[in-house]
1. Go through the range 195-221 and count every residue that is at pLDDT below 95 and either closer than 22 Å to residue 147 by Cβ or assigned to a helix (DSSP H, G or I) (or both).
2. Condition test on residue 189, is it under 14 Å from residue 71 (Cβ atoms), in a helix (DSSP H, G or I) and touching a residue at least 12 places away in the same chain (Cβ under 8 Å)?
3. Does the range 123-131 contain any residue that is closer than 18 Å to residue 167 by Cβ, touching a residue at least 40 places away in the same chain (Cβ under 8 Å), crowded, with 18+ Cβ neighbours inside 10 Å and over 12 Å from the mean Cα position of the chain (by Cα)?
4. Being over 24 Å from residue 179 (Cα atoms), part of a helix (DSSP H, G or I) and of a type in the set (S, T, N, Q) is the filter here; which residues of the range 75-130 pass it?
5. Suppose we filter 112, 74, 61 for residues that are under 29 Å from residue 204 (Cβ atoms) and touching a strand residue (DSSP E or B) at 6+ places or on another chain (Cβ under 9 Å); which single one remains?
6. Please enumerate the residues belonging to the range 179-203 that are buried (at least 16 other Cβ atoms within 10 Å of the Cβ), over 18 Å from residue 17 (Cα atoms) and of a type in the set (A, V, I, L, M, F, W, C).
7. Restricting to the range 12-69, count the residues that are of a type in the set (A, V, I, L, M, F, W, C), outside any helix (DSSP H, G or I) and within 14 Å of the chain's Cα centre (by Cα).
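The values are calculated or read from the model by the stated rules, or taken from the named source; none is laboratory data. Please read all numbers here as calculations on a predicted model, not as lab measurements. Glycine also receives a Cβ, built like all others from the backbone with ideal geometry; neighbour counts cover every protein chain displayed.
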Amino acid sequence: MRFVLLHSPLLGPLTWRAVAEDLLGRGVAAEVPAWRPLTEIQGDFYRTLATDQARTIDAAGAAPVTLVAHSGAGALVPALAAALSAPVAGTILVDAILPHPGICWLDTAPEGLRQDLTLGSQGGELPSWDGWWPPGALERLVPDARLRRDLLAELGPLPLAYFEEVAPPGGLTGPGAYLQLSGAYEDQAQGARTLGWRARRLQLNHLSPLTAPREVSASVFALGQALSEPPDG
């Protein structure tokens, strides 16, 4: 198996690095390519992100990939899969949003968050992801101060235009699975079940790929194995 671990475009690749190390220890290939920073893109975000990322993944090899997307990366999977030359063997969404073709990210957000972000934007920019949450929330998710510092070092202001851009046509194809880590993604996990996907729940939190990598890695590995089985297997 060849896992390609896709971090949220609002976060950085650190969120997946420990999981990748654990997967490598299990004898499977694991890559953590970084998305181009959103602030470096002038519109057409989905196509640009997908094209750049596909170039990086294809340069690493032609073997089939299992795309493992965390959080906001879920919406980018269809465009990325279409841009790849490497075959996509399956998709695993990890506490991730489902693709939303034809609507923008803001349309998928809870009304309160949507209003807060829109009103809080300045000069077309939103605060970095850690600034979206109440005081103390990030400390509860990532208690280790050093790990939290490294996470914050990868964050920065975000362009409002990304969240306003309508996602292109296209959905998820091929075998898929959903790994739910937090209660906030119950609706997304249920949506995956309605697609006939395998679903697994861990009683962790949204940033557990960073803070509980062994547990997350074990579930990603198991789901990857299940996706590789024949339909009647």
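1. 0
2. yes
3. Checking the range 123-131: not a single residue is closer than 18 Å to residue 167 by Cβ, touching a residue at least 40 places away in the same chain (Cβ under 8 Å), crowded, with 18+ Cβ neighbours inside 10 Å and over 12 Å from the mean Cα position of the chain (by Cα).
4. Passing the criteria: 115, 118.
5. 74
6. Scanning the range 179-203 gives 189, 192, 197, 199, 202.
7. Going through the range 12-69 one residue at a time, the tally reaches 6.
Residues checked against (1) farther than 22 Å from residue 133 by Cβ; (2) small (Gly, Ala, Ser):
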| site | (1), (2) |
| --- | --- |
| 10 | no, no |
| 28 | yes, no |
| 62 | yes, yes |
| 66 | yes, no |
| 87 | yes, no |
